[in-house]
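Remarks on the structure that follows.
The values are calculated or read from the model by the stated rules, or taken from the named source; none is laboratory data. All of these numbers come straight from a predicted model, not from anything done at the bench. Here the Cβ positions follow ideal geometry from the backbone for every residue, glycine too, while neighbour counts run over all protein chains shown. With ligands, DNA and RNA removed, areas are computed over all heavy atoms of the protein, side chains included. Shrake-Rupley method; radii C 1.70, N 1.55, O 1.52, S 1.80 Å.
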Amino acid sequence: MANAIINVTNLRLRTFIGFNPEEREKKQDVVINLEIHYPADEACETDEVDQALNYKVITKEVITIVEQGHFLLLEKLVAEILAVCHSHSSVNYAKVRVDKPHALRFADSVSLTLDWVKA
């Protein structure tokens, strides 16, 4: 079985993230990385578009959730993105990492990662 792994790397968006008053009033940058696995036997054999997982559809859904959302915690933001990734029936594994650049004074970013495996 051919297991395809789609990686969306460094998707840069802005959202309301955090619980401090200034974080609730101004959008902040987030950097999103997705890893999505699905069986690709049919797509590899047939070269038919409808046999492949459409990563553009998933990415558009992620963009909408992130840009329209208000989140207190990175955990909630990452969980919402992860739910989009595994809502597609062919997905058997997904991992999402979100970085919040400049969240700490002397660090490049703080990140949180969640993953999901189809039972």
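Structure summary
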{"quantity": "Some residue of the range 71-78 being in a loop (DSSP other than H, G, I, E, B), in contact (Cβ under 8 Å) with a residue 12 or more places away in the chain and under 23 Å from Pro21 (Cβ atoms)", "calculated": "yes"}
{"quantity": "Residues that are surrounded by fewer than 14 Cβ atoms within 10 Å (Cβ to Cβ), under 26 Å from Ala119 (Cα atoms) and aliphatic (A, V, I, L, M), drawn from the range 40-53", "calculated": "none"}
{"quantity": "Count of the range 1-47 residues which are at pLDDT below 85 and of a type outside the set (A, V, I, L, M, F, W, C)", "calculated": "5"}
{"quantity": "Residues (of a type in the set (A, V, I, L, M, F, W, C) and either under 13 Å from Leu112 (Cβ atoms) or surrounded by 12 or more Cβ atoms within 10 Å (Cβ to Cβ) (or both)) located in the range 54-80", "calculated": "Ile58, Val62, Ile63, Ile65, Val66, Phe71, Leu72, Leu73, Leu74, Leu77, Val78, Ala79"}
{"quantity": "Matching residues in the range 35-73 - criterion: being hydrophobic (A, V, I, L, M, F, W, C) and either touching a Ser or Thr at 6+ places or on another chain (Cβ under 8 Å) or under 10 Å from Leu13 (Cβ atoms) (or both)", "calculated": "Leu53, Val62, Ile63, Ile65, Val66, Phe71"}
{"quantity": "Near pairs, Cβ below 8 angstrom, 6+ apart or cross-chain, from the range 93-119 (closer than 15 Å to Glu23 by Cβ) to any residue that is open to solvent by 80 Å² or more (accessible area, probe 1.4 Å) and hydrophobic (A, V, I, L, M, F, W, C)", "calculated": "Val110/Leu104"}
{"quantity": "Residue tally, condition open to solvent by 30 Å² or more (accessible area, probe 1.4 Å) and touching a helix residue (DSSP H, G or I) at 6+ places or on another chain (Cβ under 7 Å), over the range 89-112", "calculated": "1"}
